[in-house]
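Inspection log for the structure reproduced underneath, given as structure tokens.
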Amino acid sequence: MSAFQPFLPLDDPPLLTIADISVTMFKSVPEGSPMLLKDHAEHPVPELLRSTFRQIADAFIAGDFQLRDHPIAGVRPIDSATAKWIADNISAYGEMLAPLNEETWDRSIYRWMEGYWQMLVDLTTRSEPVSDLTLHTKLYETGGGWELVVEAVYVP
């Protein structure tokens, strides 16, 4: 994964800005702020999405792999087969999950994939601030804003 690179000026690659969407989970970001780049490079996960990933990790720590008891705005609930696969992969890793450490963001990235953004977030365990266990998600634009889909957790 690449090191942090600041967002490029607005006249470089095509950008999606807050002015392009209206969704309540991103209200704290100033209008017109660069949001997610639609290029083919890897970029750090934006600050405003990090709390969503923290909530997902916290739900997994609590054993809620379907996000049934921990609904998260803008995140699709996880189907039972995927949730079981995630739980099995976490169990097979052999370490207990812990709340996401700030070091996570040094290695976690997103990339535009022609129709969605692929986001990879390295999880934290009790013994590893940044583990090899990675949360794989896709972020889609929808008519009403965004939808984050949790696809998997595994060691790539």
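Considering region 114-144, the residues that are in a strand (DSSP E or B) and touching a Phe, Trp or Tyr at 6+ places or on another chain (Cβ under 6 Å) include one that is farthest from Pro44 (Cα to Cα), namely Tyr140. The residues of region 112-127 that are of a type in the set (D, E, K, R) and crowded, with 17+ Cβ neighbours inside 10 Å amount to a single one, Asp122.
Annotation: of all residues in region 83-113 being part of a helix (DSSP H, G or I) and in contact with an Asp or Glu (Cβ under 7 Å, 6 or more places away or on another chain), the one that is nearest to Ser131 (Cα to Cα) is Thr104.
Filtering region 77-111 to residues that are of a type in the set (Lys, Arg) and within 15 Å of the chain's Cα centre (by Cα) leaves Arg107, Arg111. In region 19-68, of all residues being in a helix (DSSP H, G or I) and touching a helix residue (DSSP H, G or I) at 6+ places or on another chain (Cβ under 6 Å), the one that is modelled with the lowest pLDDT corresponds to Phe26. Reported count of residues in region 112-125, each being within 11 Å of the chain's Cα centre (by Cα) and over 16 Å from Leu48 (Cβ atoms), is 4. Glu141 meets the conditions (1) within 18 Å of Ile61 (Cβ to Cβ); (2) surrounded by fewer than 19 Cβ atoms within 10 Å (Cβ to Cβ) in every case but one. The failed one is (1).
Within region 135-156, the set of residues being modelled with pLDDT under 95 and acidic (Asp, Glu) comprises Glu141, Glu147.
Go through region 69-82 and give me each residue that's in contact with a strand residue (DSSP E or B) (Cβ under 7 Å, 6 or more places away or on another chain), among the aliphatic types (A, V, I, L, M) and part of a loop (DSSP other than H, G, I, E, B). Matches in region 69-82: Ile78 only.
The values are calculated or read from the model by the stated rules, or taken from the named source; none is laboratory data. What you are looking at is a predicted structure, and each value in this text was computed from that prediction instead of being measured. Note that each Cβ is placed from the backbone with ideal geometry, even for glycine, and that neighbours are counted across all protein chains shown.
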